[in-house]
Amino acid sequence: MGRSWRNFFRRSKKQEEVSETAVEAPEREPAEPDEPEGSANGLAETGEVVEETPVAEEPEENLEAPVREVPVRRLEEEEPEVAEPEPDEVVEPEPVEVREIDVAETASVESASEEEEPEEPRGWFGRRRRREVEDEEPVDEPELVEAREAEVLEPAPVEEVPEDEEMEESRGWFGRLRQGLSRSRESFVGQLNAAVAEFKDAEDEEFWERVEEILITSDVGVPTTAKLVAELEQEALERNITSGRVLRELMIEHAVRILDKPVELDISHKPTVLLMVGVNGTGKTTNIGKLVSFLPGKTMLAAGDTFRAAAIEQLQSWGERTGAAVVARERGADSAAVAHDAVEAAKAEGADVLLIDTAGRLHTKMNLMAELDKVKRVIERQLPGAPHEVLLTVDATTGQNGLRQAKLFHEVAGVTGIILTKLDGTAKGGIALAIANEVGVPIKMISVGEQIGDLHPFEAREFAQALFGDL
Ligand SMILES: Nc1nc2c(ncn2[C@@H]2O[C@H](COP(=O)(O)OP(=O)(O)OP(=O)(O)O)[C@@H](O)[C@H]2O)c(=O)[nH]1
């Protein structure tokens, strides 16, 4: 059952022939595990909108910071031939033609897109649905600021991943997944259980209303709840279902339909460039570290989040653990310049995969767009077709706010896959359905803890069963 790392990576024929490297487990013995300085749980447990932290520096200033090499690269003793970026192309900020949009405005942009309704539900549900939408709270501002810095200095301790058969790995993972989703199961699945136990008749309006309420309050969100319940109700009516057991199975099937999207990670290029984006504190750096442990071939990391020195150190620490070379510059350097160095180094060193970290603490949509645009342009110029994937980390504990972040990042950066993190710290597992339905980007990986083995390829059926399994 489930998807393993082995069938998660889409590789070229040549790579498959050559690579018999361990895909299921970290390739090298990890270094001594470090204790994480701050618990993720400080962040995860709040589940609240994070207060905007005062910024120490303007991102624009960072873009103009003089670019210098610093002795943090671990590639070669001798300097690799990394061409300095053209001053006018990389170091200078590009003139931004987009007019200034503040977060409040961004929120209204997003709320406009949220107004795109799914197909109008029919009957009583449609009426109720329209009432709900009218009563809905105004949309919050999207959360672009970072979480508390002090919490994220060190990666999580390393844990061995089972190296055995895929089946065993998959069974082990399913247990972990179920455990990780236990808070979500206990809250909304418990309520759904109680409701389904009373189900007798698909024409019972109160029953559907109850299901709808449970899903909406579990962060599945209004549009996705509307779609799910309307489809379920329709099928239950058509098939004249009167059994709670059959309805449970149907519920899982309909959830799978929403969640099921192509999730393979394309690493068939040489080098493949993966751009990692997301708001700080969502688990971006930690999950880059975990992902490196599973990637076959030679991997390289780029510390493109230059805003905070600790973010660079954190990535270097992951590099040491996994044996991946790290390309970095000093704090405050232009992240596009780091990306430039990294692509050059990856080509020169014959790396198979390059993962580029980015900062996510930009306070306006315009800043975010300008920075990510620039990084992508620099990468594309050096390696046409790259970046090959743009992966966004979304913290599940932030619920609907995470959904808004996903829409915004997709709009500005063309996200190709989502890594949904911290599912273990929340009862908001239903957010996966909202993201899959509303953002239009596949959830490619999920993380249910701080250990390496807590990151796993996403598989719709497995997830739906782990989430609704107690139904
Ligand atoms: N419980 C739990 N914690 C996680 C998970 N993924 C990451 N974390 C923790 O979340 C915290 C923040 O992760 P980071 O990787 O530092 O976040 P970031 O997005 O890179 O943020 P910056 O370092 O500020 O750039 C760390 O303590 C991680 O160990 C998860 O799936 N579950």
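Taking 0.36 nm per residue of sequence separation and removing the Cα-Cα distance, the Ile252/Glu198 pair yields an extension gain of 17.7 nm. Per-residue 3J(HN,Hα) values for the range 387-400, derived from phi via the Karplus relation 6.51 cos²θ - 1.76 cosθ + 1.60 with θ = phi - 60°, read x, 7, 9, 10, 9, 10, 8, 10, 7, 4, 5, 8, x, 4 Hz in sequence order (x marks Gly and Pro). The trypsin sites (Lys or Arg not before Pro) of the range 176-254 that DSSP puts in a loop, and whose beta carbon has at most 12 other beta carbons within 10 Å, are Lys200, Arg239. Spin-label model, Ser243/Arg381: points 7 Å from Cα along the beta carbon direction are separated by 6.5 nm.
Considering only DSSP beta bridges where both residues belong to the range 241-360, give the percentage that are antiparallel (nearest 5). Just about 0 percent of them are antiparallel. The local environment of Thr416, defined by Cβ-Cβ distances under 13 Å, has a net charge of +1 under the rule Lys, Arg +1 and Asp, Glu -1.
Remark on Leu265: its backbone amide H falls under 5 Å from those of Phe9, Arg10, a criterion applied only to residues 5 or more positions apart or on other chains, H modelled at 1.01 Å from N.
Considering only Leu295, Ile252, Thr282, the residue lying farthest towards the positive end of the dipole of the range 248-406 is Thr282, judged by Cα position with unit charges set on Cβ. Measuring against 32 Å, Cα to Cα, the residue pairs Lys270/Lys444; Lys374/Lys428; Lys374/Lys422 contain Lys374/Lys428 as the ones spanning a longer distance. Of His254, His410, the residue with the largest accessible area leads and the full order is His410, His254 (1.4 Å probe). The 3J(HN,Hα) values that the Karplus relation (6.51, -1.76, 1.60; θ = phi - 60°) gives for the range 187-193 are, in residue order, 7, 7, 5, x, 5, 4, 3 Hz. Gly and Pro appear as x. Computed from backbone phi, the HN-Hα couplings of the range 337-346 come to 5, 5, 4, 4, 3, 5, 5, 4, 5, 4 Hz, rounded to whole numbers (Karplus: 6.51 cos²θ - 1.76 cosθ + 1.60, θ = phi - 60°; Gly and Pro given as x).
Taking label positions 7 Å along the Cα-Cβ direction at both Glu213 and Glu349, the computed distance is 5.7 nm, reported to one decimal. Secondary structure note: in the range 314-471, about 25% of the DSSP beta bridges are antiparallel.
The values are calculated or read from the model by the stated rules, or taken from the named source; none is laboratory data. Computed from a prediction, not measured in an experiment: that's the story for all the values here. Here the Cβ is made from the backbone with ideal geometry for all residues, glycine too, and neighbour counts use every protein chain on show. All accessible areas refer to the heavy atoms of the entire protein, side chains included, with ligands and DNA or RNA removed. Shrake-Rupley method; radii C 1.70, N 1.55, O 1.52, S 1.80 Å.
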